[in-house]
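Mind looking over this structure? Questions follow.
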C-alpha cells in the first residue's frame, strides 16, 4: 500500500482511463490473479448518448462555425456524408465522445465492417478521455458493443480481441474479458498489445511481481518500448526494488523522447 498513490498517479498520466475505473473483482487461475477496481453502472446499456452532440460549448471558436454549419446541413438535408465530416472535425478539436457519436450515426446508415470498426475505435478512444466513471461506463459499453460486432466477422483479429477483452473486464463478466486477452497470448505469444494489457491490469491490482514478468517479457520482444520500461520501473519501485527501478528510470531519462512519459516520470518520482 505504501506505493499505491504514486502508482495511481503514474497510470493516470499514461494509461487509458478504463484501468482507473474498473469494478472490484478478483479473477484467478493457475497462471494469474487479476483484481481490478472501481464502480460500474449495472444498467449501463440503458443509458444514452443522445445529448453528446449538444456538448459543443467546449469547441474552440475557430472550429465552432464549421461544426455548426455541418450540423445545420445535416439537419436540413439529412446528408449522411456530413456525419463523417463532423466526426473528423470533433477529433481534430479533441472532443472524442462527440466524434464517436457521429461515427455511430454514420455507421447506422452505412452498415459495414469498416464502419463498425471505426465506431468501436472511436468510443474506445473517447473512453480514455472520460472524466467521470458514469460517462466512462457508457463509452466502454458502446465500444464493447461494436468490438463484438467486428470480432464476430473477424474472429482472428487479435487487436480487436484484446480491446474487447479490456472493455469486457468492466462488464459483469470480468473473467471472460481476461480470458480473451490470455487467449490472444496463447495463440500469439509475442502479441505486445495483449502482454501490455495484462501487465497494466497486474499493476492496477497491486500484483507487481506479475507485472514485472509481463513487462520484462514485452521488452524482450520490443527492447525500446518506452511504455513498458516505465511500467517496469513503477513495478520494481512498488516491490521495494529501488535499485532496479532507478536503473530503468535513468535509462528512460537518457533515451526517451516522449514528453508524455517524461512528464509522468517526473510526476511519479516527485511522490516517492
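So which residues in the stretch 129-144 are touching a helix residue (DSSP H, G or I) at 6+ places or on another chain (Cβ under 8 Å) and assigned to a helix (DSSP H, G or I), if there are any at all?
Selection gives 135, 136, 137, 138, 139, 140, 141, 142, 143, 144.
Does residue 140 satisfy being buried (at least 24 other Cβ atoms within 10 Å of the Cβ), out of contact with any strand residue (DSSP E or B) (no Cβ under 8 Å at 6 or more places or on another chain) and not assigned by TED's automatic domain parsing to the domain that holds residue 68? Give the steps one after another, and end with the answer.
Working: buried (at least 24 other Cβ atoms within 10 Å of the Cβ): yes; out of contact with any strand residue (DSSP E or B) (no Cβ under 8 Å at 6 or more places or on another chain): yes; not assigned by TED's automatic domain parsing to the domain that holds residue 68: no.
Against the criterion (buried (at least 24 other Cβ atoms within 10 Å of the Cβ), out of contact with any strand residue (DSSP E or B) (no Cβ under 8 Å at 6 or more places or on another chain) and not assigned by TED's automatic domain parsing to the domain that holds residue 68), residue 140 does not qualify.
Quick check on the stretch 259-269. Is at least one of its residues in contact with a helix residue (DSSP H, G or I) (Cβ under 9 Å, 6 or more places away or on another chain), part of a loop (DSSP other than H, G, I, E, B) and surrounded by 15 or more Cβ atoms within 10 Å (Cβ to Cβ)?
no
Can you tell me which residue is surrounded by the most Cβ atoms within 10 Å (Cβ to Cβ) among those in the stretch 164-206 that are at pLDDT 95 or above and part of a loop (DSSP other than H, G, I, E, B)?
Top of the filtered list is 191.
Identify, please: which residue in the stretch 207-220 is more than 20 Å from the chain's Cα centre (by Cα) and more than 21 Å from residue 242 (Cβ to Cβ) and is, among those, surrounded by the most Cβ atoms within 10 Å (Cβ to Cβ)?
Out of the qualifying residues, it is 217.
Within the stretch 229-244, restricting attention to residues that are within 20 Å of the chain's Cα centre (by Cα) and over 13 Å from residue 255 (Cβ atoms), which residue is surrounded by the fewest Cβ atoms within 10 Å (Cβ to Cβ)?
Keep residues of the stretch 229-244 that are within 20 Å of the chain's Cα centre (by Cα), which gives 229-232, 234-235.
Cutting the leftovers down to over 13 Å from residue 255 (Cβ atoms) gives us 231-232, 234-235.
Details: 231: 29, 232: 26, 234: 28, 235: 28.
Per the stated criteria, the residue is 232.
Next question. Would you pick out the residues in the stretch 92-109 that are free of Cβ contacts under 8 Å to residues at least 40 places away in the same chain and not in a helix (DSSP H, G or I)?
93, 94 - these are the residues of the stretch 92-109 that are free of Cβ contacts under 8 Å to residues at least 40 places away in the same chain and not in a helix (DSSP H, G or I).
The values are calculated or read from the model by the stated rules, or taken from the named source; none is laboratory data. From a predicted model like this one, the values you see are computed outputs, not experimental measurements. For neighbour counting, all protein chains shown are included, and Cβ atoms are generated from backbone atoms with ideal geometry for every residue, glycine included.
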